[in-house]
């Protein structure tokens, strides 16, 4: 095996390990932050400051009995969590965390892959998650689960339209679908200064895409017992929530890449800037969860089709006119 292949395998393993570690401890961070927002202490008993709580949760979930309802569609019931989780992990493959680094005499991008349609790849992977949730609801043979799956299908398809339109302004300004080139086009002015409406649209639509409060209607435990995952237990149950937090990290990283200048920043190395900006976006999503109430389902759909979609179309039209009148890209 050549040195280049070994370096690539090590690079993928390191990035994937850091990503999964971030996902695991994001649960602890969210519980701690929500505790402080709601005047509680959050996890504190397992390890110092509760830092071993994610490990305890993992052991608890592994040790639980893995049940399958007798009337469920067994193959799809078991496959659905994987369909939700795998695309969420694969999405991180094309996100650039920094510039380049020299290894064994060659320049390598700080990231896993650098393709010229990176943005399209992320959207393709994110759109796969709805199949996992919809199949989980249908295959469970449970009416509450089915309703959660149907809600999810309608919600995610509806908000994907606004989400796609929210980033097209960035594509027009940068003139490319490559995430690395989009970051390069934001030096020295990040696109959030040129696309503030697009940035807000992206945050709202992506929150609905990953079913975060106030858009967490696929779960809605006050109405649907637990939603699409009512019949799941043990690690199958855990896989859905690993997928949710993996999507949260990916959405935050995409917001940084598309609107906040990626790894660009003074004094500190690029990956440090990328990590700090991503952490700030994660804090924002957690803050929103601890602050806003859940929409009713009719309000959610009305907001998506009657507000977000028209505003996204208007923002795209204005951006296209500005780019055209300026004589080209940027």
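The table that follows gives values for the structure above.
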read-out: Separation between Cα centres of the range 105-123 and the range 139-154, rounded to whole Å; value: 36
read-out: Top of 55, 286, 15 by mean-square fluctuation, Gaussian network on the chain, Cα under 10 Å; value: 55
read-out: Least to most buried among 283, 274 (fewest other Cβ within 10 Å first); value: 283, 274
read-out: Whether the range 192-330 is rounded, prolate or oblate, judged on the alpha carbon gyration tensor where a/c under 1.5 counts as rounded; value: oblate
read-out: Ellipticity estimate at 222 nm from DSSP helix runs (n ≥ 4, -39,500 (n - 2.57)) divided over the chain, nearest 500; value: -22000 deg cm²/dmol
read-out: log₁₀ of I(q)/I(0) at q = 0.15, 0.22, 0.23, 0.24 Å⁻¹ - the range 95-197, Debye sum with one point per alpha carbon; value: -0.77, -1.11, -1.16, -1.21
read-out: Sorted by Cβ density within 10 Å, fewest first, the residues 65, 209; value: 65, 209
read-out: Gaussian network model of the chain, Cα within-10 Å springs - most flexible of 277, 32, 64; value: 64
read-out: Computed over the chain: relative contact order in percent, which uses C-alpha pairs under 8 Å that are six or more apart; value: 22
read-out: Rg and Dmax of the range 13-83, Cα atoms only, in Å; value: 16.3, 44
read-out: Gaussian network model of the chain, springs between alpha carbon atoms under 10 Å - residue of 147, 125, 108 with greatest fluctuation; value: 108
read-out: Kirkwood hydrodynamic radius of the chain, from inverse mean 1/r over distinct Cα pairs, in Å; value: 21.0
read-out: Euclidean distance of C-alpha centroids, the range 275-292 and the range 31-81, integer Å; value: 21
read-out: 83, 12 arranged by Cβ crowding within 10 Å, fewest neighbours leading; value: 12, 83
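FYI, it's all coordinate maths here, none of it is from the lab. Quantities reported herein were computed from a predicted structural model and do not represent experimental measurements. Cβ atoms come from the backbone with ideal geometry, glycine included; neighbour counts cover every protein chain shown.
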